[in-house]
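Visitor: Encoded as structure tokens, here's the structure I'll be asking about.
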Amino acid sequence: MKLSQTITDMVMHADAKALATYHENNLNVVPVSTMKVVDDQIILVNYFMGKTLENIKQNSRVALACWKGIQGLQIKGTIEYLQVGELYEEITSWVAEILPDRMVKGILVLTPKEIFDISADQKRAGIKIS
């Protein structure tokens with residue numbers, strides 16, 4: 001799925017972001033901070049995820065909510081967890097530049113499948129964007 005500049009901007013500049021995962025009876029939602037969009041995938045950085053990783057190892061389907069003020073998006077997709085490779089090295093180097101005190105444990109590569117508007121506007125809320 002191609003991410004528009006508007007969607008990329010919302011993801012990168014949102015005031016708040018939360019990632020939801022699920023496996024069996026373990027529903028988990030965590031705030032996320034360091035993110036980057038690369039080749040229409042959303043990269044999230046793992047510094048200290050526990051239950052989130054347990055869930056995605058069993059069920060790669062996730063939802064990411066991003067919002068700024070009363071405007072927001074919900075991005076549903078699949079996630080792959082990486083601890084090696086070119087993309088992992090690229091993100092680890094980037095984090096070392098912007099947050100030198102942080103230790104990257106891995107990266108989560110979210111491939112969007114559906115995007116919904118979650119703005120606080122009765123005319124737009126829940127509408128599928130792509």
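The values are calculated or read from the model by the stated rules, or taken from the named source; none is laboratory data. A quick note: this is a predicted structure, and the numbers were derived from the prediction, not measured. Quick reminder, even Gly has a Cβ in these numbers, built from the backbone with ideal geometry, and neighbours come from all protein chains shown. Surface areas here come from the heavy atoms of the whole protein model, side chains and all, with no ligands, DNA or RNA. Shrake-Rupley method; radii C 1.70, N 1.55, O 1.52, S 1.80 Å.
Visitor: Is it the case that some residue within region 27-48 is within 12 Å of LEU108 (Cβ to Cβ) and open to solvent by 40 Å² or more (accessible area, probe 1.4 Å)?
Guide: yes
Visitor: Looking at (1) surrounded by fewer than 17 Cβ atoms within 10 Å (Cβ to Cβ); (2) over 21 Å from SER130 (Cβ atoms), find the lone condition where ILE56 falls short.
Guide: With (1) surrounded by fewer than 17 Cβ atoms within 10 Å (Cβ to Cβ); (2) over 21 Å from SER130 (Cβ atoms) applied to ILE56, the lone miss is (1).
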